[in-house]
Amino acid sequence: MRAETGVRAVLIVLGAAVMAYAAWLLLDRQTLDQSLEVGRWAIIAVVLHDAVLAPIALGIGWLLGRLGGAGGVRATAVRAAAAAGTVIATLGVTGFAVLTRSGDDAGNRTLLDRDYPAGLLGVAAVVVVVAGLAALAGVAGARLGARRP
Amino acid sequence: MSTLRERVPALPTPTFSSRLRSPAVAARIGVWLGLAFAVCFVSGLISHAIQIPSVQGEIPFPTSPVWIYRVTQTLHVVAGTAAVPLLLAKLWAVYPRLFQAPPRGAREALLSVLERGSIALLVAGSLLELGLGLMNVAQWYAWGFDFRVTHYALGWLVIGALLVHIAVKLPVIRSVLGADVEASDEDRPEAVEPGVLTRRGVLRTTWISAGVAVVVASSAAGTAPVLNRIAALSPRSRRSGIPINRTAAQAGVVPAATSGDYACSVLLDGAERRFSAAQLRALPQATHTLPIACVEGWSADGTWTGVPLRALLDEVGAPLGRPVRVVSLQRSGPDLETVLPPDFADDPRTLLAMELDGEPLSLDHGYPVRLIAPNRPGALQTKWVGRVEVL
């Protein structure tokens, strides 16, 4: 216990020192206006997550919870939808920059050289099919198991 | 006398009854997210050290094997891309804590404020760091601050806040990682309802999401053999050959690079000699297959042909063991010039290349002459070389 307390104290002191160094880097190597703009961007990022993305995820989770039952085919389908939806949604967030800038290569043919909305739709279709097949396999396996004496 | 808390009506707080949003799930995702951040941080420090001129001479970087820089920056982008779904899942698991009322005692309240402050920095820093990284790879600069400075500083901020967070949560982390994922010892009292998925199902979905993001959306996958066919959200591909970061037009270098008067100046101890493209071709030529690897995670092998820099230095009588500055014809930009440490300048694989894959260099790849050296960041492989200075 005493060792853990010591480790925690060291981590807090080290972490605080590293954060102080980060603040110095942020303030010392660019103008104050630039540093303040970084702060504004950080607030926007948090608001986008906490007030937009997270409530949407909360709402969809609530809806899926209402649709799914304790068991059976419907619950399996809802589980598959939740898993597939998570994969597709997180992929969409990961690709937000290319999806927003799709086609804007600024004259560089080797940059942003794909059809990103179509690409996301294609991957989403594959994820839905795989999740659907996995759900079907799960239902079939459960029924086979139930028939066995 | 009533306290302020008793007089002010409490804000309505949502009830999070799902047992999926639990420390057991959050800690398991947190382990992998922490590892991803650690990989990003270390690989980022490596690239930073190589690219800052004042540090280059202080920290030696080997010329062999030639894939070291490529691997570190692939890891940087792969870990950073995987971190996006991991971070989203981690924040989903701990979202109820955002609405948790502060403790009542003054000391406890103060500690809570400090802890929440460090978490606010960790969350804000992580979201912004990953967001800026993704935007940078797509060359989407929608801000007025310096990307390189900010990305570097935020890296330190996130690691510092992460250390504090681990310290604060260490007892809970040890408790939940030492027990089964379904154990409820550390759960919030109201988190009792079963979710749509099991906890193991949430974790499996998170790992799959991270894997899919890396394969489909990372710039590393976009330029990798086989994977490039399914990397539908990668900002880079190999469809137009080896990727480039700045075109000749963007660098404003087209007139100088295509001028019939082109000559490469070589400066040694105050004396200058000029070599036309034809004179450079008349010097001993060599061909090497070397990767060009970008800090943005993409990389590609190319077969480069040109004059070994050492042969050119021999031609002007430059001794071994001197650093060499290579300067572009462009007037400005972060890739205007680079200083090669002596071991890179003298390496026989370091070329002033004039051909790529058997074809004359294209204008966007640095025509008429570009630098290509083993194990160097792409931004330091100076294009449109106009001057070589022996330092």
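Observations, loosely collected:
- At 0.692 mPa s and 37 °C, Stokes diffusion of the protein assembly as shown via Kirkwood alpha-carbon radius, µm² per second: 126
- Less than 5 angstrom separates the built amide H of residue B:302 from those of B:290, B:292, all sequence-distant by 5 or more or on a different chain.
- In the stretch B:229-321, trypsin sites (Lys or Arg not before Pro) in a DSSP loop with at most 13 other beta-carbon atoms within 10 Å: B:239
- Selected from B:296, B:129, B:182 as most flexible by GNM, with chain B as the system and alpha-carbon contacts under 10 Å: B:182
- 10 Å Cβ shell holding at most 15 others, DSSP loop, chymotrypsin sites (Phe, Trp or Tyr not before Pro): longest site-free stretch of chain B: B:144-391
- For the stretch B:85-156, size of Cβ-based charge dipole, Lys and Arg +1, Asp and Glu -1, in debye: 240
- Radius 12 Å from Cβ of residue B:229, net charge of other residues (Lys, Arg +1; Asp, Glu -1): +3
- Net dipole in debye of chain B [+1 Lys, Arg Cβ; -1 Asp, Glu Cβ; about Cα centre; nearest 20]: 960
- Cα gyration tensor shape of the stretch B:282-391, rounded if a/c is under 1.5, else prolate or oblate by comparing a/b with b/c: rounded
- Net charge dipole size for the stretch B:78-213 [Lys, Arg +1 and Asp, Glu -1 on Cβ; Debye, nearest 20]: 140
- Mean residue ellipticity (222 nm) of chain B, computed from DSSP H runs ≥ 4 via -39,500 (n - 2.57), nearest 500: -14500 deg cm²/dmol
- Average other protein chain Cβ within 10 Å of Cβ, residues B:137-143: 6
- Distant-in-sequence amide H partners of residue B:181 (H built 1.01 Å from N, under 5 Å): none
- Cut-off 12 Å between beta-carbons: net charge of the residues surrounding residue A:64, Lys and Arg +1, Asp and Glu -1: +3
- Whether the stretch B:182-274 is rounded, prolate or oblate, judged on the alpha carbon gyration tensor where a/c under 1.5 counts as rounded: prolate
- Taking chain B as a Gaussian network of alpha-carbon nodes connected by springs under 10 Å, the highest mean-square fluctuation of the residues B:197, B:371, B:88 belongs to B:197.
- Helices in chain A, meaning DSSP H runs of at least 4 residues, each add -39500 (n - 2.57). Divided by all residues, the mean residue ellipticity at 222 nm is -27000 deg cm²/dmol.
- Crossing angle, helix A:72-94 versus chain A [Cα axis fit, 0-90 degrees, rounded to tens]: 30
- Within a Gaussian network of chain A (alpha carbon springs, distance under 10 Å), most fluctuating of A:122, A:72, A:15: A:15
- Counting only alpha carbon atoms, the long axis of helix B:23-51 and the longest principal axis of chain B meet at about 20°.
- Gained length - residue B:261 relative to residue B:336, 0.36 nm times residue gap less alpha-carbon distance: 25.0 nm
- For the stretch B:108-214, a/c is not less than 1.5, where a ≥ b ≥ c are the root eigenvalues of the C-alpha gyration tensor, and a/b does not top b/c. That puts it in the oblate class.
- The C-alpha atoms of chain B define a longest principal axis, and helix B:68-94 lies at about 20 degrees to it.
Throughout, read-outs are computed from the coordinates displayed, never taken from laboratory work. Owing to the predicted nature of the structure, the values given are computational and were not obtained by experimental measurement. Note that each Cβ is placed from the backbone with ideal geometry, even for glycine, and that neighbours are counted across all protein chains shown.
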